[in-house]
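In what follows, a structure is listed as structure tokens, so that the remarks can point back to it.
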Ligand SMILES: Nc1nc2c(ncn2[C@@H]2O[C@H](COP(=O)(O)OP(=O)(O)O)[C@@H](O)[C@H]2O)c(=O)[nH]1
Ligand SMILES: [Mg+2]
Ligand SMILES: [Zn+2]
């Protein structure tokens, strides 16, 4: 039986879902021949799109990592998932209360939109936390300030947020066609050219699904009214990949409220590039920016070019990252120890025979 050439899939509907020569190359020689992209994951099976159809697919065997929304998979002749192609990027959060583990929120994304609704004043700390996660994913972060029609001065809010997000574009948008910031939709569209994958991260109720619908030009996703207490309803319950008319795709996520960092060392350096840059000019290489003489960070705070709030926010996230890293190391050590114990037991069993 001849094995289909995955590069032939470039002639199918798959490029509209983000398939490219890069993925075709990775697929060569892997188990399973028919490429598909995960639209949504259910328990131990996925809704996948093959470029022609959306179909449910079970697992052909144990899959590690388990496929998640945005993954590229290869289906065996029976239509089951045989391979999950290595991820190019992954938006992850820490998901362990008692143990150090993570959850992949969206795989293979090029752009992560950190979404905040301007019906409330920007929560800079939360935006910094999410942009740190976004940088850690390997994708390009963008900050999207929705509901600009509800803000008195969306542009001044934009500038305030921009100071907290160096290296990321900050876009104001409103889904109201009568509002000038409706034009923000065009900017978001420009940031998501054909062939790219985006995702939106932020609490429930900030307007993520409404944004996807506005970009799509039709109502693909359910949206929710805000409850009287101001908290959003979780109208989006699953993470779902949606194709946009010009050939980009977006992954809609349910709300993210308190997210834990995960593997965020590099992400922190990128999200706080201004502090990293100043720190390189401190007199002492190990300067903690507290009381040290010749500290460039404290000098920037003293002359007003940086806020104390931003340094505090950075330190808080850095402490969290250090703590998670130490717990993760402890877990790895424990796993290693358990493996050795099992091996020893096995060897003792052998010796008795
Ligand atoms: N005024 C205003 N309301 C919006 C805008 N975008 C979304 N909303 C409303 O905000 C609520 C939550 O929207 P939804 O898209 O479900 O938020 P999600 O939970 O982040 O997906 C809904 O009632 C929307 O109609 C906007 O640009 N302006
Ligand atoms: Mg939603
Ligand atoms: Zn310093």
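Bear in mind that the values in this text are calculations on the coordinates, not laboratory data. Note that this is a predicted model, so its numbers are computed, not measured. Every residue, glycine among them, receives a Cβ derived from its backbone with ideal geometry; neighbour counts consider all protein chains shown.
Highest GNM mean-square fluctuation, the chain, Cα pairs closer than 10 Å: which of 91, 133, 47?
Maximum fluctuation in the GNM of the chain, among the listed residues, is at 47.
Give the share of C-alpha pairs in each 5 angstrom bin for the range 26-183, from 0 to the last occupied bin, in whole percents, shortest bins first.
P(r) for the range 26-183, in whole percents per bin: 2, 9, 15, 15, 13, 12, 12, 10, 7, 4, 1, 0.
Between residue 273 and residue 303, what is the label-to-label distance in nm when each label sits 7 Å out along the Cα-to-Cβ direction?
My value for the distance between the label points is 2.1 nm.
Test of understanding: what is the full-extension gain from residue 346 to residue 281, defined as 0.36 nm times their sequence separation minus their Cα-Cα distance? Working shown, then result.
Working: separation 65, 0.36 × 65 = 23.40 nm, distance 5.58 nm.
My answer for the length gained is 17.8 nm.
Compute the distance from the alpha-carbon center of the range 110-156 to that of the range 300-353, in whole Å.
For the range 110-156 versus the range 300-353, the Cα centre distance is 29 Å.
For the range 6-84, what relative contact order do you get, as a whole percent, if you take Cα pairs closer than 8 Å and at least 6 residues apart?
Relative contact order, the range 6-84: 29 percent.
Between the range 11-63 and the range 176-208, what is the C-alpha centre distance in whole Å?
Cα centroid to Cα centroid, the span is 26 Å.
Could you tell me what % of all Cα pairs in the range 90-252 have separations over 29 Å?
Taking all Cα-Cα pairs of the range 90-252, the fraction more than 29 Å apart is 12 percent.
Have a look at 89, 146, 291 and tell me which one the Gaussian network model of the chain (Cα, springs below 10 Å) gives the largest fluctuation.
291
What's the FRET efficiency of residue 66 with residue 21 using the Cβ-Cβ distance as r and R₀ = 25 Å, to the nearest 0.05?
So the FRET efficiency works out to roughly 0.40.
Rounded to the nearest 5, what % of DSSP beta bridges with both residues in the chain are antiparallel?
On the way: 27 of 46 bridges.
Looking only at bridges with both residues in the chain, the antiparallel portion is about 60 percent.
Once you've got the GNM for the chain with C-alpha springs shorter than 10 Å, pick whichever of 154, 166, 177 has the biggest mean-square fluctuation.
Checking each option, the largest mean-square fluctuation is seen for 177.
Using the count of nearby Cβ atoms within 10 Å as a rough guide to exposure, how do 252, 71, 76, 303 rank from fewest to most?
303, 76, 252, 71
Based on the Kirkwood radius over alpha-carbon pairs, what value in µm²/s does the Stokes-Einstein equation return for the translational diffusion coefficient of the range 188-337 at 10 °C and 1.306 mPa s?
Estimated via Stokes-Einstein, D reaches 84 µm²/s.
Considering just Cα atoms, how many Å³ per residue does the convex hull of the chain enclose?
Normalising the Cα hull of the chain by residue number yields 191 Å³.
Hey, with R₀ at 30 Å, roughly what FRET efficiency would residue 150 and residue 316 work out to, going by the Cβ-Cβ distance, to 0.05?
0.55
Any idea how far apart residue 323 and residue 288 come out in nm if each label point goes 7 Å out from Cα toward Cβ?
1.7 nm
Counting residues in the range 6-84 as N, plug N into 2.2 N^0.38 Å and put the Cα Rg over that result. All intermediate terms of the calculation are to be shown ahead of the outcome.
On the way: Rg = 11.1 Å, N = 79, 2.2 N^0.38 = 11.6 Å.
So the Cα radius of gyration is 0.96 times the expected 2.2 N^0.38 Å.
Given a Förster distance of 22 Å, report the FRET efficiency between residue 222 and residue 178 from their Cβ-Cβ distance, rounded to the nearest 0.05.
0.40
Could you compute Rg(Cα) / (2.2 N^0.38 Å) for the range 265-336, with N its residue count?
1.31
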